[in-house]
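Read the figures in this text as sums done on the coordinates, not as results from a lab. Just so it is clear, the model here is predicted, and its values are computed rather than measured. In this analysis, Cβ positions are derived from the backbone assuming ideal geometry, glycine residues included, and neighbour counts consider all displayed protein chains.
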Amino acid sequence: MNKTPVDITDPEYQIRQVAATMRMSGFILTEEDKQQLRDIISGKITAEEAIEQVKQKYNLREKGESI
């Protein structure tokens, strides 16, 4: 069996891995979710900034609500 080596540093490979894990848990990543992951991986935004964007999108504030 001849397998092509996988580049685990490839952002698209990483996103596919996250999507597969989420899918096993019953969650499907949208294209928006995947783009946000690309932005985090590339350093365009931090994970903390992404969390804040999600909080703002769903109107979650610092009142103890969690996502």
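Label reach from Val6 (point 7 Å along Cα→C-beta): in the range 24-48, amide nitrogens under 15 Å belong to 24. In percent, rounded to a whole number, the relative contact order of the chain is 18, using alpha-carbon pairs under 8 Å and six or more apart. Could you tell me how many cubic angstrom of Cα convex hull volume the chain has per residue? Measuring per residue, one finds 111 Å³ for the Cα hull of the chain.
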